[in-house]
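Data block below; observations after.
FYI, it's all coordinate maths here, none of it is from the lab. Please read all numbers here as calculations on a predicted model, not as lab measurements. When we count neighbours, we look across all protein chains shown, and the Cβ atoms used for this are built from the backbone with ideal geometry, even at glycine.
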Amino acid sequence: MSETKSTKKNEGVYGAFELKRLYPRNYSIGMLIAILLHLIGITSYYVYQAMSREDYDNIPTVRLVKYSELGPPPSLANESIPQIAVSGPVAPPTVGVPIPVPDEQAPPEQTIASQKEMSAQAAPSLGNDLSSGAAQITQDIKIEPEKNDEPGFDAFVPYEKGPEMVVAKTPEYPEIAKRAGITGKVFVKVLVDKEGKPKKAVVIKTDSELFNQAAIDAAMKSAFTPAIQNQHPIAVWIVLPYKFQLNDGN
């Protein structure tokens, strides 16, 4: 009976005993967490200040001085001018000085050919395989290979106007597929060059491999107008669908 009465008495105060019993522990935990957070914040502040002070110490100090605060320039009157040492008398050269000789010992006069006369002379033979003649200087001409403007198979190429089919070829229905009554659809990816001609054709999706070669042949025999980008023709990949369907009379 006493337990029942105490239970009924405590029903009016919800959680009072539990809160009083847990209050000291929760208060201690809260205080510890608050102290730790304060310590972490204070430590971070001092660490940051120490690191910033090291960075400031490495920055060179620049002092701005006005022109009026500068003193007069040093005088050049008292400075000693370095003397240039002069050597003694130089003996006259003994090489290349003409020495007079009698006329009978003088060599005959020589005539120097002009550049025009020298260029007209035949060049000396340099070997059995080299023909004699006027000397000519040639320069090697490097022929650079043509730039490959072919886009990648999966590359995205923007253009203002896409290729339009001018000549459409109907693929030939394979005889074996016609006899077996097989129908289907083939998607061929075609590379149309700058001149509108199909350069490559690849099957990307097919209902039957019997139709692949016929679809490729039809795509390669077609003609297009080239794609236009910035008012210039470019090479692009396009996808052509080919449908193989038997007529009612066949």
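Some points to look at:
- Least to most buried among ILE204, ILE182 (fewest other Cβ within 10 Å first): ILE204, ILE182
- Ranking of ASP103, ASP149, ASP193, ASP207 by neighbouring Cβ atoms within 10 Å, starting from the fewest: ASP103, ASP149, ASP207, ASP193.
- Legend: residue pairs LYS221/LYS243; LYS161/LYS185; LYS199/LYS243; LYS161/LYS221; LYS194/LYS243; LYS189/LYS221, Cα-Cα distance threshold 19 Å; pairs beyond threshold, LYS161/LYS185; LYS199/LYS243; LYS161/LYS221; LYS194/LYS243.
- In a simple Cβ point-charge model (Lys, Arg +1; Asp, Glu -1; nothing else charged), region 172-250 has a dipole of about 200 debye relative to its Cα centre.
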